[in-house]
Amino acid sequence: MKILVINGPNINMLGIREPDIYGKETFSDLMALLNTVGKEAQVEIEQFQSNHEGSIVDKIQEAYGTVQGIVINPAAYTHTSVAILDALKAVAIPAVEVHISDVSSREPFRQISYPGMYCEKTIAGLGLEGYRQAILYLKEKYAD
Ligand code: CA2
C-alpha cells in the first residue's frame, strides 16, 4: 500500500517558533517519524511539502491511480482552500486530515476546514503522533 503524506505552508518551519502551540519537534523529526512508521507498518510513504496551493492541487491530481491513501495537513490552506477540497473529491482517494495543534480551541478563523469536508477523519492536537495514527488508520482500513 502506498500513502501520500502532504504538508502545507510553513510546516517545514516547525520547531523554529511557537513551540507552545506546535511543540519543539522539527520538520526533520516529522520526516524521521514518517520513515519509521512506514517501515513498522510496512506501507510505502511518499512525503510532499509545499508552500503553494497549486502545487498541492497538482500533487493530489498526480496521486490518482497510484496512491491508496492520503494523509494531509493543509496548514493555513485548511481554512481557505476550496481548490484542495475539490482536488481530493476529484481523485476520490481515502484521506485523513491531521493538525498538530488543537485547532478547535484556537481562533474563530481556524474553525472551518474545507479539505476536512472530504476527509473521512480528522486527528488534531496530538502533535506529530497524529500522523502516525492517520497512517495506521488508513493501513488498517484499506491495505489488502
Ligand atoms: O495545527 C496544525 O497542524 C495547523 O495545520 C498548522 C498551521 C496552521 O495555520 C493551522 O491553522 C493549523 C501552521 C503551520 C506551521 O506554522 C508555523 C508557525 C510558526 C512557526 C513554525 C510553523
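The values are calculated or read from the model by the stated rules, or taken from the named source; none is laboratory data. These numbers come from a predicted model, not from an experiment. Please note: Cβ atoms are built from the backbone with ideal geometry, for glycine as well, and neighbour counts cover all protein chains shown. Ligands, DNA and RNA are excluded from the accessible area calculation, which covers all protein heavy atoms including side chains. Shrake-Rupley method; radii C 1.70, N 1.55, O 1.52, S 1.80 Å.
In terms of distances greater than 26 angstrom between alpha carbons, the cross-link table entries K59/K121; K89/K139; K24/K89; K59/K141; K59/K139; K2/K121 yield K24/K89.
Annotation: the range 17-77 has a Kirkwood hydrodynamic radius of 13.5 angstrom, from the mean reciprocal C-alpha pair distance.
Whole number in Å², please: accessible area per residue of the chain, 1.4 Å probe, ligands, DNA and RNA not counted. With all protein chains present, the chain gives 50 Å² per residue. Dividing the summed -39500 (n - 2.57) terms of all DSSP H runs of n ≥ 4 by the residue count of the chain sets its mean residue ellipticity at 222 nm at -11000 deg cm²/dmol. Evaluating 6.51 cos²θ - 1.76 cosθ + 1.60 at θ = phi - 60° for every residue in the range 61-73, the Karplus couplings come out as 4, 5, 6, 4, x, 10, 10, 9, x, 10, 10, 10, 10 Hz, glycine and proline recorded as x. Working note: Cα gyration tensor of the range 1-42, eigenvalues times five, square-rooted, sorted largest first, giving semi-axes of 23, 12, 7 Å.
Taking every alpha-carbon pair under 8 Å whose residues sit at least 6 apart, the chain reaches a relative contact order of 28 percent. Pairs of C-alpha atoms in the range 91-144 farther apart than 15 Å represent 50 percent of all such pairs. Taking K and R as +1 and D and E as -1, what net charge do the other residues with C-beta under 14 Å from the C-beta of S50 add up to? So the surrounding residues net to -3. Which values of log₁₀ I(q)/I(0), to two decimal places, follow from the Debye formula for the chain at q = 0.08, 0.10, 0.18 Å⁻¹ with a uniform point scatterer at every Cα? Evaluating at q = 0.08, 0.10, 0.18 Å⁻¹ gives log10 I(q)/I(0) of -0.18, -0.29, -1.01. Note on surface exposure: E107, E25 rank E25, E107 by accessible area, highest first, 1.4 Å probe. Across the accessible surface of the range 1-123, with the other protein chains kept in place and a 1.4 Å probe, carbon and sulfur atoms take up 50 percent.
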